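The values are calculated or read from the model by the stated rules, or taken from the named source; none is laboratory data. Here the structure is a predicted model, which means the values were calculated and not measured. Cβ placement follows ideal geometry from the backbone for every residue including glycine, while neighbour counts extend to all protein chains displayed.
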2 protein chains.
Amino acid sequence: MARRPRRARTGTKAPAAAPATPYIKRRLPFFDALDEEQLIKLESQVDWMFENIGFAFRDDPEATRIWQEAGVKMVGDKVFADAQWVRAQCAKAPSEFTQLARNPERSVVIGGDNQVFAPIYGAPFVRDLEGGRRYATFDDFEKLVKLTHMHPNLHHSGLVIAEPTDIPVSKRHLDMVYAHMTLNDKPHLGAITEKSRAQDSVDMAEILHGKETMDNNVVIMANVNTNSPLLIDRVVTEAIQVYSSRGQAMVVTPFILTGAMGPVSTAAAVAQAMAEAMICCAFAQLVRPGAPFVMGNFLSSMSLKSGAPTFGMPEPVLSNYLIGQLARRVNLPLRCGGSLTASKVEDGQAAYESADSMHSTMLAGSHFTLHAAGWLEGGLATGFEKLVMDADRLGSYQKILGGLDMSEDQFARDAFEEVEPGGHFLGSAHTMRHYQNAFYDAQLSDSENVESWEEKGSQDMRQRAFHKWNAMLDAYEQPAMDPGTKEALDAYVAKRKAELPDAWY
Amino acid sequence: MARRPRRARTGTKAPAAAPATPYIKRRLPFFDALDEEQLIKLESQVDWMFENIGFAFRDDPEATRIWQEAGVKMVGDKVFADAQWVRAQCAKAPSEFTQLARNPERSVVIGGDNQVFAPIYGAPFVRDLEGGRRYATFDDFEKLVKLTHMHPNLHHSGLVIAEPTDIPVSKRHLDMVYAHMTLNDKPHLGAITEKSRAQDSVDMAEILHGKETMDNNVVIMANVNTNSPLLIDRVVTEAIQVYSSRGQAMVVTPFILTGAMGPVSTAAAVAQAMAEAMICCAFAQLVRPGAPFVMGNFLSSMSLKSGAPTFGMPEPVLSNYLIGQLARRVNLPLRCGGSLTASKVEDGQAAYESADSMHSTMLAGSHFTLHAAGWLEGGLATGFEKLVMDADRLGSYQKILGGLDMSEDQFARDAFEEVEPGGHFLGSAHTMRHYQNAFYDAQLSDSENVESWEEKGSQDMRQRAFHKWNAMLDAYEQPAMDPGTKEALDAYVAKRKAELPDAWY
């Protein structure tokens, strides 16, 4: 179980040095919350689940055929797999891989010492300071895609930054993928809700990147949730078949509110999350050995008063630390955490919960972090202000992950010789040499004194964030695109829209 | 430089097990951000400062005499000490000690694997939702002392939770210490602003605890800041002489806004903070070998736009991790961090910054955390709402620090055998056995759905906090006190007030 570097068959080499990567090259150590004995206990539980509890693969005859062909024991729809075999399967997936963006300067490396932040995924509602809370429309969606394109602290644009509820469900994926491809030049995800929608995403990616590039690289990735506990339905297995067979990347995420979709105890729920993700990785490796795979996990707690999901609480914070360490032991890229909260608005609760959730996500070494910005109300609403508020803090995490600069001049020996006891360093030569890059410049934090702050209208962070995202949209410029590629995408979307019925569920 | 357990001469033994300590028994590992080579580099810089830069001890002839008597080299008022000698002096201080509270159930252990949270210290202003921002009065102060007495997540009551600005500076310390002793039964700090005020605090502690108890235990502690950079004035050395000579505990805190009171680079500023605290510890050990000493540090960054101090930013977050690791290497208790922010109000900024600051403080292993709750506006204002908002989150950190429960039943094997794929654990026997203690119950987080939340008036966290602290004050009951002790304290305060002039500066 030692850590083995495995380069993706489909991956390009990560940059050697890392001054200006469009993602985070982590230099800070990981936080290891468990000792060897504890890790072995948790891993034994994972292995026990493979062999004794089993995982149901339901409603997809092709998935059943794949398991049977591999000679894995099934009882009814339940797969009972030898634990060593599952681990050997997982070892076939690369420990890191590159997802190419259409703008090559924005390609990201997922896995290893790299961390990639992406916005919220899947909210049916949006909220902003002027418009309040409402069902999200495609107009909202396009604005959110533009903001994600522009924000320097978001490295990946995800997919469903909000659900465009004014477009039929049957066609929504085409407009969403098209918007990400044309309004944005960062890497993004494809659809998973139905097999043909996954295929549409892959086909559009082939148009955007070209067949040869796609044959040899990851150009699109998809995220799908298991039906925890212990159930992997056809949405998952079909998405894996579409994306993995094409050498594209899959994130499979057990969604576990402990006490409901998993046991109420952290140790058991973390082991369950590992086991569900690993059995899906094993399946993906049957579909195509070496297919890039990200171990997802989404663990949170609940309110004892109401059964409502809670976020940013100590149990999921601890879970992030544990799952980070466990994922490093299987040497697979990890998705976990995010800036999560149960708050309805961008208040103290939202920020405390998001910060604790994201701080632990950051230290835990989550390689791909969905929901890193914009999440409100347990994921039911995307906040426009929340998106830029969270993203402003992501810049701070980026700096922390850079670790300590210990080059000689950072020790400032000349400054200590220059400055007298009780004096100050403001004018010292050392300060002059370094002040421009010394501190992270948080755009949405106001550090002025109370008088200056009152003069400017006593704005809280939310009001400043409202101005910020509006100013960003005013300054938005659509990234250039080859006209032939755009025409081909247009034609593909038009053809598929003509073929598909309008369905609203 | 290996870690040596050193029990305080004056300390009582920490409880063996830790089910219900009135402070945190940490079970989570510390976060070590630096490797051995980096640590040695930083420690070499600390040692270089002792021997080559020197620290000015100014305006206290008695301090000069103590240094000279110890045979330490002085050039003018600057002490140049052999690094190994400083380290040997620091090794005389206990690695952990108990501070007795007047209620023995609330005594705290400072150092080792223990963590103690205390409220904000030193703000001249208060802010609350109804009364707005205003100069703090003694009425505010008493309310804050009561709230600190009541809040289960604050283990220590500090001292200047806000400055009672309606009482003369010359007498303020008497009223503050008296309020902590009579309205509150948690451990607290004594005054340091002037030698006689320190002595009054020590004398009152002797009345409260009795001479014999005080001879053999720490019953009061004080916190004082150096005049960074490189200057230790008589306020510091006199406080050390008063408290340390009586076997009571001192926290000495370099207050460094990097770029002003220290170099703009984190590595240099962290080494400076260590060196300033260690030279003061060496001095305290000259005053009384074995005197309990807490290495303070208060490192933050500044805005490049205005030079205003900033808090919760990546540089001080990283500093917390570094200083935690360095302090463990000298095996001394540490004070660092807190719930710090530059925000004027209890908005998202305040909460993000406070959470990042406090999360890193918690993981770094700060043994005594002043400013753990209530801080606004760079420490200029104590927020009533902020106090209970922060303190609510401290309960989450307390749970995280408890680490992972790995007792057998936490693995829930019976639940996995009971629940079907796609089923739920809500009614499982395992959930029934554990749900009552499974999750931290955050009092001020609202996790209800948006409809319920709107029905209750769409209150944000700040509004809920306003109701919370008012309800707490309504329920406040003064802790019982021996009438003879109270009379003696009353008499002491009356006598000293009669002796002292009214001075307002």
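Numbers below:
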| quantity | calculated |
| --- | --- |
| Top-ranked residue of region A:317-369 - restricted to ones that are of a type in the set (Phe, Trp, Tyr) and at the interface with chain B (Cβ under 9 Å from one of its Cβ atoms), ranked as surrounded by the most Cβ atoms within 10 Å (Cβ to Cβ) | A:Tyr352 |
| Odd one out for A:Ala373 among (1) without any contact (Cβ under 8 Å) to a residue 40 or more places away in the chain; (2) of a type in the set (A, V, I, L, M); (3) in a loop (DSSP other than H, G, I, E, B); (4) more than 7 Å from every other protein chain (Cβ to nearest Cβ) | (1) |
| Test: A:Asp490 is out of contact with any Leu (no Cβ under 7 Å at 6 or more places or on another chain), more than 7 Å from every other protein chain (Cβ to nearest Cβ) and either buried (at least 19 other Cβ atoms within 10 Å of the Cβ) or charged (D, E, K, R) (or both) | yes |
| Tabulated pairs, region A:392-412, first at positive phi, second part of a helix (DSSP H, G or I) and not polar (S, T, N, Q), C-beta under 7 angstrom, 6+ apart or interchain | A:Ala412/A:His430; A:Ala412/B:Ala268 |
| Verdict on A:Arg197 being of a type outside the set (S, T, N, Q) and within 30 Å of A:Ser95 (Cα to Cα) | yes |
| Some residue of region A:167-186 being part of a helix (DSSP H, G or I), within 21 Å of A:Pro292 (Cα to Cα) and at pLDDT 95 or above | yes |
| Selection count, region B:69-87, where residues are in contact with a strand residue (DSSP E or B) (Cβ under 6 Å, 6 or more places away or on another chain), more than 26 Å from B:Arg329 (Cβ to Cβ) and loosely packed, with under 15 Cβ neighbours inside 10 Å | 0 |
| Check on B:Asp390, at the interface with chain A (Cβ under 9 Å from one of its Cβ atoms) and more than 19 Å from the chain's Cα centre (by Cα) | no |
| Qualifying residues in region B:425-446 (those that are in contact with a Lys or Arg (Cβ under 8 Å, 6 or more places away or on another chain) and surrounded by 17 or more Cβ atoms within 10 Å (Cβ to Cβ)) - the one farthest from A:Phe311 (Cα to Cα) | B:Leu444 |
| Which listed residue, of A:Ala56, A:Ala33, is modelled with pLDDT of 95 or more, buried (at least 16 other Cβ atoms within 10 Å of the Cβ), within 25 Å of the chain's Cα centre (by Cα) and at the interface with chain B (Cβ under 9 Å from one of its Cβ atoms) | A:Ala33 |
| The one condition in (1) at the interface with another protein chain (Cβ under 7 Å from one of its Cβ atoms); (2) more than 30 Å from A:Glu142 (Cβ to Cβ); (3) touching a Leu at 6+ places or on another chain (Cβ under 8 Å); (4) surrounded by fewer than 23 Cβ atoms within 10 Å (Cβ to Cβ) that A:Gly402 fails to fulfil | (1) |
| Residues of region B:196-205 satisfying the condition of being surrounded by fewer than 24 Cβ atoms within 10 Å (Cβ to Cβ) and free of Cβ contacts under 8 Å to residues at least 60 places away in the same chain | B:Ser196, B:Gln199, B:Val202 |
| Flag if A:Val236 is more than 30 Å from B:Phe425 (Cβ to Cβ) and not charged (D, E, K, R) | no |
| Residue that is surrounded by the fewest Cβ atoms within 10 Å (Cβ to Cβ), among those in region B:414-424 that are modelled with pLDDT of 95 or more, at negative phi and not in a helix (DSSP H, G or I) | B:Glu420 |
| Region A:242-258: number of residues that are out of contact with any helix residue (DSSP H, G or I) (no Cβ under 6 Å at 6 or more places or on another chain) and either assigned to a loop (DSSP other than H, G, I, E, B) or not β-branched (Val, Ile, Thr) (or both) | 6 |
| Residues of region A:265-314 satisfying the condition of being more than 14 Å from chain B (Cβ to nearest Cβ), touching a Ser or Thr at 6+ places or on another chain (Cβ under 7 Å) and in a strand (DSSP E or B) | A:Gly296, A:Phe298 |
| Any chance A:Leu208 is closer than 16 Å to A:Ala275 by Cα and either more than 14 Å from chain B (Cβ to nearest Cβ) or crowded, with 24+ Cβ neighbours inside 10 Å (or both) | no |
| Selection status of B:Met221, farther than 15 Å from B:Ile66 by Cβ, within 20 Å of the chain's Cα centre (by Cα) and surrounded by 24 or more Cβ atoms within 10 Å (Cβ to Cβ) | yes |
| Residue satisfying condition, being under 23 Å from B:Ala465 (Cβ atoms) and either of a type in the set (D, E, K, R) or in a helix (DSSP H, G or I) (or both), within set B:Ser339, B:Ser319, B:Ser357, B:Ser343 | B:Ser357 |
| Condition broken by A:Asp405, with the remaining ones in (1) touching a Gly at 6+ places or on another chain (Cβ under 9 Å); (2) in a loop (DSSP other than H, G, I, E, B) satisfied | (1) |
| Residue check, B:Ala93 touching a Cys at 6+ places or on another chain (Cβ under 9 Å), crowded, with 23+ Cβ neighbours inside 10 Å and not in a helix (DSSP H, G or I) | yes |
| Scope region A:425-458; condition within 36 Å of the chain's Cα centre (by Cα), at the interface with chain B (Cβ under 8 Å from one of its Cβ atoms) and outside any helix (DSSP H, G or I); matching residues | A:Phe439, A:Tyr440, A:Asp441, A:Ala442, A:Leu444, A:Ser445, A:Asp446, A:Ser447, A:Glu448, A:Ser458 |
| Evaluation of A:Asp409 against (1) more than 7 Å from chain B (Cβ to nearest Cβ); (2) surrounded by 24 or more Cβ atoms within 10 Å (Cβ to Cβ); (3) out of contact with any Asp or Glu (no Cβ under 6 Å at 6 or more places or on another chain) (one fails), failing number | (2) |
| Residue in region A:291-302 that is over 16 Å from A:Pro316 (Cβ atoms) and more than 17 Å from the chain's Cα centre (by Cα) present | yes |
| Residue tally, condition buried (at least 24 other Cβ atoms within 10 Å of the Cβ) and of a type outside the set (A, V, I, L, M, F, W, C), over region A:267-299 | 5 |
| Residue that is nearest to the chain's Cα centre (by Cα) [pool: residues in region B:70-109 that are more than 14 Å from every other protein chain (Cβ to nearest Cβ) and without any contact (Cβ under 8 Å) to a residue 40 or more places away in the chain] | B:Pro104 |
| Neighbours by Cβ (under 7 Å, 6+ apart or cross-chain): first from region A:206-221, under 17 Å from A:Glu487 (Cα atoms); second modelled with pLDDT of 95 or more and in a helix (DSSP H, G or I) | A:Glu206/A:Met214; A:Ile207/A:Thr485; A:Ile207/A:Ala488; A:Ile207/A:Leu489; A:Ile207/A:Tyr492; A:Leu208/A:Met181; A:Leu208/A:Thr485; A:Leu208/A:Leu489 |
